[in-house]
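Please read the structure below before turning to the comments.
The values are calculated or read from the model by the stated rules, or taken from the named source; none is laboratory data. As the structure is a prediction and not an experimental result, all values here were calculated from the model. Because the Cβ atoms are built from the backbone with ideal geometry, glycine has one as well, and the counts that use them run over all protein chains shown.
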Amino acid sequence: MRLPEDFWYPVLQSREVGRKPRRFERLGQHLVFWRTRDRQPHAHLDRCPHLGAALSGGSICDDRLVCPFHGFEFDAGGQCRHIPALGRQGGVPKGMAVRTFPVREIDGLIWLWWGKERAEYPAVPQFPLLAEGWRHGTIAVDWPVHYTRAIENQLDVAHLAFVHRTTIGAGGRSFVEGPHVEADFQGIRVWVTNSRDEGRVARSPEQLREAAADRRPSLSFLFPGIWLLNIAPRLQQFVAFVPINERKTRYYLRVYHRHRNLLVAKIFEAMIGLSNRFILNQDRRVVVTQTPADSADAHDDRPIGADRAILEFRRLHAALLARGGSSNQAGAEHGRDGCRSDVSPGG
Ligand code: FES
Ligand SMILES: [Fe+2]
């Protein structure tokens, strides 16, 4: 699938990755995730380089991922370290390695590097809320849509009065002023006011810019796919958009709050989680009907001024695809030069 390259993608919640190897579909790939004894997470293509079996069906032995088919053992860097059929004194053929992706674990999420291998990687894109003492609860929701449509839905400031008429869009506030949008290759910041249409002329872009100067953005988006909605001084919503394949996107939807009492926090998170599921379902009903599936192909759309944030997303996303190419061949390929002669026998 087409994806901007050279980014950290949020792919999983920390709690989904344990010591046992587990298969997940992410970024159009079947991947296997596991942890070494030091709790570090690791990710590889879920395909043994020997005869193509899924490594996720195997086991972990002494911090090595063991293929269930012929017992080849791979270290966390993807190098094959032992081939039982060749014996303890036998070597390991050059190039016997499984494709391995750099991963990071930050704020309860696992991030996977999609792009070229580097000596040093940039920082993971983040809204530094946990460092500021916010707490959170997270739910996961899968949508049968391309990730571009899922992201654009959360940058769309003109749909609330219609799609969410019975919930967050109640009150008929269909008139959109702005949005004022600032956008660059890091992300998109959106300031917007929704009100009832009382025949007023919308404020000029200059007035909107001035009004935005002393306010935090209503919405913030960071490439390749995290989003923050500033609801109230003590309440924010976060989404990590996770491309699964061309037809499926996962939302990790997280409420950030300031409740200190653990019980109150858990009840609050559960209630917001339920309400979020309901509201998101209202979006889903419409977004699944959008054509074409990938907004990069939506050349016949006729956007209006209120769609400015969506247009900025399309512009920057297209530039990122053009910059990095796009393919399933991308991804760091550690250890492609095969096992060294100092490979320790046995294990
Ligand atoms: S297919 Fe994995 S060891 Fe043979
Ligand atoms: Fe919505």
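Can you pull out every residue in the stretch 104-160 that is basic (Lys, Arg) and surrounded by fewer than 18 Cβ atoms within 10 Å (Cβ to Cβ)?
Those that are basic (Lys, Arg) and surrounded by fewer than 18 Cβ atoms within 10 Å (Cβ to Cβ): Arg104, Lys116, Arg118, Arg135.
Quick one: in the stretch 175-209, of everything that is among the β-branched types (Val, Ile, Thr) and buried (at least 17 other Cβ atoms within 10 Å of the Cβ), which residue is modelled with the highest pLDDT?
Ile188
Does the stretch 127-135 contain any residue that is of a type outside the set (Asp, Glu), without any contact (Cβ under 8 Å) to a residue 60 or more places away in the chain and touching an Asp or Glu at 6+ places or on another chain (Cβ under 7 Å)?
yes
So if I check each of Leu274, Leu235, which one is out of contact with any helix residue (DSSP H, G or I) (no Cβ under 8 Å at 6 or more places or on another chain) and over 19 Å from Leu129 (Cβ atoms)?
Just one listed residue meets the conditions, Leu274.
May I ask you to say which residue of Gly78, Gly108 is assigned by TED's automatic domain parsing to the domain that holds Val11, within 16 Å of ligand 1 (Cβ to nearest atom) and touching a residue at least 60 places away in the same chain (Cβ under 8 Å)?
Every option except Gly78 fails the conditions.
With the structure loaded, tell me whether Trp143 is aromatic (Phe, Trp, Tyr), over 21 Å from Val255 (Cα atoms) and either at pLDDT 95 or above or more than 14 Å from the chain's Cα centre (by Cα) (or both) or whether it fails that test.
For Trp143, the condition - aromatic (Phe, Trp, Tyr), over 21 Å from Val255 (Cα atoms) and either at pLDDT 95 or above or more than 14 Å from the chain's Cα centre (by Cα) (or both) - is not met.
Return a yes/no flag: does the stretch 146-162 have any residue that is of a type in the set (D, E, K, R), in a loop (DSSP other than H, G, I, E, B) and at pLDDT 95 or above.
Among the residues of the stretch 146-162, at least one is of a type in the set (D, E, K, R), in a loop (DSSP other than H, G, I, E, B) and at pLDDT 95 or above, which makes the answer yes.
Please specify each residue of the stretch 22-52 satisfying the condition of being under 28 Å from Trp143 (Cβ atoms) and without any contact (Cβ under 8 Å) to a residue 24 or more places away in the chain.
Of everything in the stretch 22-52, those that are under 28 Å from Trp143 (Cβ atoms) and without any contact (Cβ under 8 Å) to a residue 24 or more places away in the chain turn out to be Phe24, Asp46.
Would it be correct to say that Asp300 is away from ligand 2 (no atom under 16 Å from the Cβ), touching a residue at least 60 places away in the same chain (Cβ under 8 Å), charged (D, E, K, R) and farther than 20 Å from Leu160 by Cα?
no
Answer with yes or no whether Asp300 is more than 16 Å from ligand 1 (Cβ to nearest atom) and out of contact with any strand residue (DSSP E or B) (no Cβ under 9 Å at 6 or more places or on another chain).
yes
Can you name every residue in the stretch 9-54 that is more than 26 Å from Pro122 (Cα to Cα), among the hydrophobic types (A, V, I, L, M, F, W, C) and touching a Lys or Arg at 6+ places or on another chain (Cβ under 7 Å)?
Ala54 - this is the single residue of the stretch 9-54 that is more than 26 Å from Pro122 (Cα to Cα), among the hydrophobic types (A, V, I, L, M, F, W, C) and touching a Lys or Arg at 6+ places or on another chain (Cβ under 7 Å).
Residue-by-condition table, conditions (1) of a type in the set (Phe, Trp, Tyr); (2) over 23 Å from Ala43 (Cα atoms):
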| position | (1), (2) |
| --- | --- |
| Asp62 | no, no |
| Phe101 | yes, no |
| Glu105 | no, no |
| Lys116 | no, no |
| Pro125 | no, no |
| Arg135 | no, yes |
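What is the residue count in the stretch 61-91 for residues that are small (Gly, Ala, Ser) and surrounded by 22 or more Cβ atoms within 10 Å (Cβ to Cβ)?
Of the residues in the stretch 61-91, 1 are small (Gly, Ala, Ser) and surrounded by 22 or more Cβ atoms within 10 Å (Cβ to Cβ).
Looking at (1) within 30 Å of Asp297 (Cα to Cα); (2) part of a strand (DSSP E or B); (3) of a type in the set (A, V, I, L, M, F, W, C), which is the only condition Cys80 fails?
(1)
Go through the stretch 15-29 residue by residue and tally those that are touching a strand residue (DSSP E or B) at 6+ places or on another chain (Cβ under 6 Å) and on the phi < 0 side of the Ramachandran plot.
Here the count works out to 8.
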